[in-house]
Amino acid sequence: MYKKMLSLRFPKRIVDEPVAVNLVKKFDLSFNILKAVIYPRKEGFMVLELSGHRKNFQRGVRYLKSIGIVVESIGQDIKRDEKKCFQCGACTAVCPTGALRIRRPEMEVVFDKERCSACEWCVPACPARAMEVNFNKNILD
Ligand code: SF4
Ligand code: SF4
(Lines give C-alpha, C1' and ligand atoms only; values in the text may rest on other atoms or scores of the structure.)
(Ligands and ions follow the chains in the order given, each with its own letter.)
Protein backbone atom coordinates (compact mmCIF):
# COMPACT_ATOMS: atom_id res chain seq x y z
CA MET A 1 0.00 0.00 0.00
CA TYR A 2 1.36 3.37 -1.05
CA LYS A 3 0.19 6.49 0.77
CA LYS A 4 0.99 10.15 0.29
CA MET A 5 -0.31 13.51 1.35
CA LEU A 6 -0.97 15.73 -1.67
CA SER A 7 -2.02 19.27 -2.30
CA LEU A 8 -4.12 19.90 -5.42
CA ARG A 9 -4.62 23.27 -7.05
CA PHE A 10 -7.57 23.34 -9.42
CA PRO A 11 -7.96 25.79 -12.28
CA LYS A 12 -11.40 27.39 -12.23
CA ARG A 13 -12.60 25.54 -15.33
CA ILE A 14 -12.64 22.17 -13.53
CA VAL A 15 -13.67 22.94 -9.94
CA ASP A 16 -16.93 21.07 -10.57
CA GLU A 17 -15.20 17.87 -11.77
CA PRO A 18 -15.77 14.84 -9.50
CA VAL A 19 -12.02 14.38 -9.22
CA ALA A 20 -11.92 12.41 -5.96
CA VAL A 21 -14.69 10.07 -7.13
CA ASN A 22 -12.77 9.42 -10.35
CA LEU A 23 -9.67 8.51 -8.38
CA VAL A 24 -11.68 5.81 -6.66
CA LYS A 25 -13.61 4.52 -9.68
CA LYS A 26 -10.94 4.67 -12.35
CA PHE A 27 -7.81 3.94 -10.33
CA ASP A 28 -9.00 1.99 -7.31
CA LEU A 29 -7.53 4.54 -4.91
CA SER A 30 -8.72 5.63 -1.47
CA PHE A 31 -8.68 9.18 -0.29
CA ASN A 32 -9.20 11.23 2.82
CA ILE A 33 -9.84 14.92 2.24
CA LEU A 34 -8.26 17.02 4.98
CA LYS A 35 -8.87 20.45 3.59
CA ALA A 36 -10.91 21.75 0.67
CA VAL A 37 -11.38 25.33 -0.35
CA ILE A 38 -13.22 25.35 -3.64
CA TYR A 39 -15.13 28.39 -4.76
CA PRO A 40 -17.53 28.13 -7.71
CA ARG A 41 -16.04 29.71 -10.83
CA LYS A 42 -12.73 30.33 -9.05
CA GLU A 43 -9.59 28.32 -8.33
CA GLY A 44 -9.75 25.54 -5.79
CA PHE A 45 -7.32 24.03 -3.29
CA MET A 46 -7.47 20.66 -1.63
CA VAL A 47 -5.26 18.66 0.71
CA LEU A 48 -5.89 14.95 0.63
CA GLU A 49 -4.27 11.72 1.65
CA LEU A 50 -4.23 9.35 -1.29
CA SER A 51 -3.51 5.65 -0.97
CA GLY A 52 -3.51 2.52 -3.09
CA HIS A 53 -1.14 0.39 -5.12
CA ARG A 54 1.85 2.37 -6.30
CA LYS A 55 1.10 1.92 -10.02
CA ASN A 56 -2.50 3.04 -9.53
CA PHE A 57 -1.25 5.97 -7.49
CA GLN A 58 1.03 7.05 -10.32
CA ARG A 59 -1.75 6.65 -12.88
CA GLY A 60 -4.09 8.65 -10.67
CA VAL A 61 -1.59 11.49 -10.34
CA ARG A 62 -1.07 11.46 -14.12
CA TYR A 63 -4.83 11.74 -14.56
CA LEU A 64 -4.98 14.73 -12.19
CA LYS A 65 -2.21 16.49 -14.03
CA SER A 66 -3.75 15.68 -17.43
CA ILE A 67 -6.87 17.67 -16.52
CA GLY A 68 -4.84 20.67 -15.41
CA ILE A 69 -4.49 20.17 -11.65
CA VAL A 70 -1.17 21.15 -10.08
CA VAL A 71 -0.23 18.23 -7.82
CA GLU A 72 2.38 18.51 -5.10
CA SER A 73 3.44 16.12 -2.39
CA ILE A 74 3.55 17.51 1.11
CA GLY A 75 6.25 16.66 3.58
CA GLN A 76 4.97 16.60 7.10
CA ASP A 77 7.60 18.75 8.64
CA ILE A 78 5.60 20.42 11.39
CA LYS A 79 7.15 21.20 14.71
CA ARG A 80 5.96 22.66 17.96
CA ASP A 81 8.35 24.88 19.86
CA GLU A 82 7.82 23.52 23.34
CA LYS A 83 9.41 26.60 24.91
CA LYS A 84 6.86 28.89 23.28
CA CYS A 85 3.76 26.72 23.85
CA PHE A 86 1.87 27.75 26.98
CA GLN A 87 -0.82 25.07 26.68
CA CYS A 88 -3.71 27.41 25.90
CA GLY A 89 -5.48 24.83 23.70
CA ALA A 90 -6.47 27.25 20.90
CA CYS A 91 -4.84 25.05 18.26
CA THR A 92 -6.92 22.01 19.19
CA ALA A 93 -10.09 23.77 17.99
CA VAL A 94 -8.80 24.08 14.43
CA CYS A 95 -6.72 20.93 13.97
CA PRO A 96 -8.71 18.72 11.53
CA THR A 97 -6.84 15.47 12.21
CA GLY A 98 -6.60 15.40 15.99
CA ALA A 99 -2.82 15.80 15.83
CA LEU A 100 -3.24 18.56 18.41
CA ARG A 101 -5.58 17.52 21.17
CA ILE A 102 -6.19 17.88 24.88
CA ARG A 103 -5.23 14.87 26.95
CA ARG A 104 -7.50 14.40 29.94
CA PRO A 105 -7.51 14.45 32.89
CA GLU A 106 -4.12 16.16 32.77
CA MET A 107 -5.57 18.85 30.41
CA GLU A 108 -2.29 18.79 28.55
CA VAL A 109 -2.16 19.84 24.87
CA VAL A 110 -0.31 17.08 23.04
CA PHE A 111 1.07 17.18 19.52
CA ASP A 112 1.05 13.85 17.66
CA LYS A 113 3.26 14.43 14.63
CA GLU A 114 2.17 11.13 13.06
CA ARG A 115 -1.38 12.44 12.65
CA CYS A 116 -0.38 15.83 11.30
CA SER A 117 -1.39 16.57 7.70
CA ALA A 118 0.62 19.79 7.37
CA CYS A 119 -2.52 21.80 6.70
CA GLU A 120 -1.08 24.81 8.60
CA TRP A 121 -4.37 25.71 10.29
CA CYS A 122 -2.74 25.72 13.71
CA VAL A 123 -0.13 28.29 12.70
CA PRO A 124 -2.32 31.42 12.69
CA ALA A 125 -4.43 30.00 15.53
CA CYS A 126 -1.51 29.88 17.95
CA PRO A 127 -1.07 33.16 19.84
CA ALA A 128 2.46 32.18 20.83
CA ARG A 129 3.59 31.29 17.27
CA ALA A 130 4.68 27.94 18.66
CA MET A 131 3.69 25.89 15.60
CA GLU A 132 6.38 25.94 12.96
CA VAL A 133 5.62 24.58 9.51
CA ASN A 134 8.34 23.72 7.05
CA PHE A 135 6.60 22.68 3.88
CA ASN A 136 8.62 20.30 1.81
CA LYS A 137 6.61 20.39 -1.36
CA ASN A 138 7.77 18.66 -4.49
CA ILE A 139 5.91 18.74 -7.75
CA LEU A 140 5.36 15.07 -8.65
CA ASP A 141 6.81 13.86 -11.95
S1 SF4 B 1 -0.65 21.48 10.63
FE2 SF4 B 1 -1.46 21.90 12.67
S3 SF4 B 1 -3.69 21.98 12.41
FE4 SF4 B 1 -2.85 20.96 10.60
S5 SF4 B 1 -2.94 18.76 11.09
FE6 SF4 B 1 -0.89 19.49 11.68
S7 SF4 B 1 -1.07 20.02 13.83
FE8 SF4 B 1 -3.16 19.88 13.02
S1 SF4 C 1 -2.27 27.36 20.41
FE2 SF4 C 1 -0.01 27.45 20.56
S3 SF4 C 1 0.40 27.97 22.69
FE4 SF4 C 1 -1.73 27.27 22.59
S5 SF4 C 1 -1.60 25.03 23.03
FE6 SF4 C 1 -1.53 25.27 20.80
S7 SF4 C 1 0.67 25.33 20.32
FE8 SF4 C 1 0.48 25.74 22.52
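The values are calculated or read from the model by the stated rules, or taken from the named source; none is laboratory data. Here the structure is a predicted model, which means the values were calculated and not measured. Every residue, glycine as well, gets a Cβ built from its backbone with ideal geometry; the counts of neighbours run over all protein chains shown. Quick note on the areas: whole protein, heavy atoms, side chains included, nothing else; ligands and nucleic acids left out. Shrake-Rupley method; radii C 1.70, N 1.55, O 1.52, S 1.80 Å.
Calculation over all alpha carbon pairs of the chain in 10 angstrom steps from 0 returns a P(r) of 12, 38, 29, 17, 5, 0 percent.
For the stretch 38-101, which chymotrypsin sites (Phe, Trp or Tyr not before Pro) are both in a DSSP coil and crowded by at most 15 other Cβ atoms within 10 Å? Here the chymotrypsin sites (Phe, Trp or Tyr not before Pro) that fit, given the DSSP loop and packing criteria, are Phe86. Seen through its C-alpha gyration tensor, with square-root eigenvalues sorted a ≥ b ≥ c, the stretch 2-73 comes out prolate because a/c lies at 1.5 or above while a/b is bigger than b/c.
Over 19 Å between C-alpha atoms is what I'm after, so list which of Lys3/Lys79; Lys12/Lys55; Lys65/Lys113; Lys4/Lys42; Lys12/Lys35 land there.
Values: Lys3/Lys79 21 Å; Lys12/Lys55 28 Å; Lys65/Lys113 29 Å; Lys4/Lys42 26 Å; Lys12/Lys35 17 Å.
Pairs exceeding the cut-off: Lys3/Lys79; Lys12/Lys55; Lys65/Lys113; Lys4/Lys42.
The slack in the chain from Ile33 to Val21, taken as 0.36 nm per residue of separation less the alpha-carbon distance, amounts to 3.2 nm. Taking 0.36 nm per residue of sequence separation and removing the Cα-Cα distance, the Arg129/Lys3 pair yields an extension gain of 42.4 nm. Leaving ligands, DNA and RNA out of it, report the carbon-plus-sulfur percent of the accessible area of the chain at a 1.4 Å probe. On the chain, the fraction of accessible area on carbon and sulfur atoms equals 50 percent.
Surface exposure of the stretch 2-73, expressed per residue as accessible area with a 1.4 Å probe, stands at 57 Å². Sparse packing (at most 11 other Cβ atoms within 10 Å of the Cβ) combined with a DSSP loop state is found for the following GluC sites (Glu not before Pro) in the stretch 85-131: Glu106.
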